[in-house]
Amino acid sequence: MAYVSGVPSAKGNECFLCAAARGDEESLVVDRSMLAFTLMNRFPYTSGHLMTVPVRHAPDVLAMTPDEGSAIFAATQRAIRVLTDVMHPDGFNIGINQGSAAGASTEHVHLHVVPRWAGDTNFMPVLGDVKVLPQDLETTAATLREAFARLGPL
């Protein structure tokens with residue numbers, strides 16, 4: 001889990017989603033199309049927590065073109081198909097946090113796809129602000145990349 005011990009980027013305030021869109025190997029991108037891409041959340045709520053993102057920097061939903069909005073939703077559908085095939089969740093939380101008051105961590109709009117399982121809430125996040133994941137992000141990303149590849153291009 002390199003993000004725990006990693007050194008902050010010298011790039012400073014660069015948008016991490018724009019860096020991922022350019023193809024940064026450290027980005028945990030698992031799928032991409034011309035207008036959108038899907039990547040693992042580096043600070044996941046559950047295993048398999050994905051984000052679908054427009055390639056072009058768009059600060060909020062209103063800044064996206066209709067084609068970008070369609071691409072994000074198509075990427076979300078693919079993410080749900082792959083997560084269902086690979087991880088067999090019982091449900092999903094799907095949503096956008098727009099603006100810092102709503103919990104947005106960056107001003108590059110993205111949609112969260114969070115797989116959920118019956119009874120997946122435990123005491124760790126409640127008592128210690130700690131999340132326990134059964135698999136490291138890189139292993140999960142590799143598994144999901146294979147499953148996205150089986151779907152063919154978006």
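The values are calculated or read from the model by the stated rules, or taken from the named source; none is laboratory data. This is a predicted model, so every value here is computed, not measured. Because the Cβ atoms are built from the backbone with ideal geometry, glycine has one as well, and the counts that use them run over all protein chains shown.
Test Ala21 against the stated conditions and say whether it is aliphatic (A, V, I, L, M) and modelled with pLDDT under 95. Yes: the conditions hold for Ala21. Tallying residues that are in a helix (DSSP H, G or I), among the hydroxyl-bearing types (Ser, Thr, Tyr) and at pLDDT below 90 within segment 72-131 yields 1. Within segment 81-92, residues that are without any contact (Cβ under 8 Å) to a residue 60 or more places away in the chain and surrounded by 13 or more Cβ atoms within 10 Å (Cβ to Cβ) reach partners that are in a loop (DSSP other than H, G, I, E, B) and not aromatic (Phe, Trp, Tyr) with beta carbons closer than 8 Å, at six or more positions or on different chains, in the pairs Met87/Ser47; Met87/Gly48; Pro89/Gly48. Inspection of segment 42-55 finds no residue satisfying the criterion of being basic (Lys, Arg), closer than 19 Å to Thr143 by Cα and crowded, with 19+ Cβ neighbours inside 10 Å. Residues that are in contact (Cβ under 8 Å) with a residue 24 or more places away in the chain, surrounded by 13 or more Cβ atoms within 10 Å (Cβ to Cβ), closer than 25 Å to Glu146 by Cα and out of contact with any His (no Cβ under 8 Å at 6 or more places or on another chain) are absent from segment 97-106 altogether. Across segment 27-68, which residue is nearest to Pro115 (Cα to Cα) among those that are touching a helix residue (DSSP H, G or I) at 6+ places or on another chain (Cβ under 8 Å) and assigned to a helix (DSSP H, G or I)? Looking at residues that are touching a helix residue (DSSP H, G or I) at 6+ places or on another chain (Cβ under 8 Å) and assigned to a helix (DSSP H, G or I), I get Ser27.
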